[in-house]
Amino acid sequence: METSVDQTPKKSIKEGKAEICLTTEKVFYNPVQEFNRDLSIAVLSVFTDDYKTEKLAKAELKKKSKNIGQEEFISEDCNNSEIEITILEALSATGLRSIRYAKEVPNITKIVANDFSIQAVETIKANVVHNQVEKLIETNHDDACMLMYKHKHPTKRFSAIDLDPYGCPSIFLDAAVQSVSDGGLLLVTATDMAVLAGNSPETCYCKYGAVSLKTKCCHEMALRILLQCIEQHANRYSRYIVPLLSISADFYIRVFVKIYSGAIHCKKTTSKLSMVYHCVGCDHITLQPLGGFKPNPSEKNPDQMKAYLPAAPTVGEYCVHCNQRHHLGGPIWSAPIHDEAFVSRVLMHVQGHPELFGTAKRIEGVLSMVREELHSVPLYYTLDKMFGRVHLETMPMMVMRSAIMNAGYKVSYSHASKMSIKTTAPAQLIWDIVRTWEKTHPVKQAKLEADPAAKYILSQAIQSEVDLTERLDANPISRRDGQLRFQFNPAPYWGPGSRANVNVGEEKMSKAIRNQNKHSNKSKTKRQHSPQSDEDQRKKLNVEETVV
């Protein structure tokens with residue numbers, strides 16, 4: 001803690017190469033999101049190189065098509081050193097993220113740090129001067145959407161836009177998808193996980209245009225709901241997204257997507273989106289694609305594809321596994337949510353510069369898991385939910401993974417859940433494995449009689465050959481190496497924090513602590529001071545005196 005010349009208390013916070021000073025509690029800062037900021041820096045560091053390479057390749061292609069000279073080629077700002085990389089942090093708060101970008105991400109030309117709060121902007125200006133990055137960072141006081149709309153012209157667009165709001169980001173997406181340059185990066189955080197995870201599906205539809213479901217794979221589903229929301233906004237302007245990395249961590253989700261223009265590619269969106277049938281009995285998920293493409297060769301174009309509408313529905317009235325009904329949710333993004341090659345390069349960057357990231361071990365663990373995921377398989381089962389549904393002792397994870405691999409199918413974890421099973425195997429095989437396990441670990445008959453769904457599942461005949469023999473390759477490398485794959489609660493009172501509050505130091509979460517049991521305290525005080533309470537107290541004293 002420092003004190004300024006005017007004796008105003010000043011909090012000093014160091015993170016990465018940046019140091020910020022705060023003189024007001026009305027500016028938002030949350031230390032738990034250091035992982036978010038570290039990961040964003042790692043992604044941007046790799047992205048800036050890719051962005052320059054992509055721009056040079058396009059310029060070279062343009063040069064060849066127009067057959068222009070080398071001098072004219074250079075004059076069109078196609079030289080590697082002249083390709084500008086501009087970043088907008090639309091909701092900057094303290095300015096910490098922008099300052100870290102300026103100091104730790106290479107190749108950046110300019111960063112615009114914007115906030116709607118004049119107090120936040122003053123704090124950003126002071127921190128920019130304190131960190132000596134005035135040449136790279138331009139502060140701005142404006143509504144985030146209005147600022148982005150001012151930059152939607154192709155010549156004014158940003159190379160990357162970072163949206164990290166308090167709560168839902170959807171109100172910023174319409175402006176953001178128009179203001180990112182072709183091939184640029186959009187970084188989006190959402191912290192309203194209760195809405196995305198199925199606690200309020202009607203609110204989720206209002207905000208994201210999709211119905212969320214209360215299922216064990218809700219964290220990955222939240223990522224896919226956010227991705228489809230971004231895609232829908234982009235499609236309105238003949239643009240589309242290419243997901244590079246999508247992370248569920250702590251109390252939020254974070255996606256990194258490239259934005260491209262092309263009306264013909266927007267037509268493929270229906271094949272990337274699906275409705276979701278969720279069985280209320282066994283938690284099984286069935287996807288119903290909104291569209292698809294099939295071969296339609298011609299003499300001129302033998303590789304031609306044709307769009308079609310798939311038959312619906314893909315499920316019957318009752319679930320074939322437990323004989324219960326379904327809920328309908330979505331649409332969600334059902335295409336891959338990661339780019340494996342890009343994730344590998346980000347992982348190599350972090351491993352090569354661990355001293356730059358305070359959360360390097362966690363980033364390595366999470367990215368290693370992401371790289372091991374089955375990218376073509378949307379959503380996942382959870383082992384505890386599956387066996388709990390039929391009142392069985394939970395099978396060891398390595399036994400389940402071995403059984404799936406012994407049957408000839410692929411299996412992986414999801415980074416979103418430590419008990420997850422993401423597999424190419426059909427649901428019939430998964431339940432056959434459960435039924436095989438039940439032969440040697442029988443469930444109490446009384447529990448089955450009281451639960452028709454569990455009784456129905458376990459009474460079905462085993463149709464697949466199940467081998468529960470454990471195998472060494474069932475243990476993934478990230479687990480075998482003991483990497484930090486899943487994070488424990490990083491601090492007391494951790495979470496999204498309260499809006500516009502410095503969430504550090506002795507005063508951390510002071511408002512939340514102060515408000516604990518406030519309603520019961522009010523009632524207690526009211527009873528103590530009410531006339532009726534005073535009368536009761538006098539009667540009690542009279543009785544005590546009589547007894548004495």
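The values are calculated or read from the model by the stated rules, or taken from the named source; none is laboratory data. Computed from a predicted structure; not experimentally measured. Counting neighbours? That spans all protein chains shown, and the Cβs are built from the backbone with ideal geometry, glycine included. Ligands, DNA and RNA are excluded from the accessible area calculation, which covers all protein heavy atoms including side chains. Shrake-Rupley method; radii C 1.70, N 1.55, O 1.52, S 1.80 Å.
Side notes on the structure shown:
- Counting only helices (runs of 4 or more DSSP H) that sit wholly inside the range 183-238, those with at least 2 residues that are under 17 Å from Leu273 (Cβ atoms) and acidic (Asp, Glu) are 218-235.
- Positions within the range 345-367 being of a type outside the set (A, V, I, L, M, F, W, C) and either touching a residue at least 60 places away in the same chain (Cβ under 8 Å) or in contact with a helix residue (DSSP H, G or I) (Cβ under 6 Å, 6 or more places away or on another chain) (or both), in sequence order: Arg345, His349, Pro354, Gly358, Thr359, Lys361, Arg362, Glu364, Gly365
- Residue list for the range 346-393, restricted to those being among the small types (Gly, Ala, Ser) and within 30 Å of Lys444 (Cα to Cα): Gly388
- Verdict on Asp162 being under 28 Å from Ile108 (Cβ atoms), in a strand (DSSP E or B) and not hydrophobic (A, V, I, L, M, F, W, C): yes
- Here His338, His265 are screened, and the one residue that is free of Cβ contacts under 8 Å to residues at least 40 places away in the same chain and either open to solvent by less than 70 Å² (accessible area, probe 1.4 Å) or under 23 Å from Ala160 (Cβ atoms) (or both) is His265.
- Considering Leu227, Leu185, Leu213, the condition of being farther than 26 Å from Asp115 by Cα, aliphatic (A, V, I, L, M), out of contact with any Leu (no Cβ under 6 Å at 6 or more places or on another chain) and at pLDDT 95 or above is satisfied by Leu213 alone.
- Residue within the range 128-138 that is under 16 Å from Ile230 (Cβ atoms), crowded, with 23+ Cβ neighbours inside 10 Å and at pLDDT 95 or above present: no
- Residues that are out of contact with any Ser or Thr (no Cβ under 9 Å at 6 or more places or on another chain) and open to solvent by less than 20 Å² (accessible area, probe 1.4 Å) within the range 322-335 comprise just one, Cys322.
- In the range 95-122, the residues that are assigned to a loop (DSSP other than H, G, I, E, B) and either in contact with a Gly (Cβ under 6 Å, 6 or more places away or on another chain) or crowded, with 24+ Cβ neighbours inside 10 Å (or both): Gly95
Residue by residue, here is whether (1) assigned to a loop (DSSP other than H, G, I, E, B); (2) touching a residue at least 60 places away in the same chain (Cβ under 8 Å); (3) more than 30 Å from Ala42 (Cβ to Cβ) holds:
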residue: Ala312; (1), (2), (3): yes, no, yes
residue: Cys319; (1), (2), (3): yes, no, yes
residue: Gly329; (1), (2), (3): no, yes, yes
residue: Ile332; (1), (2), (3): no, yes, no
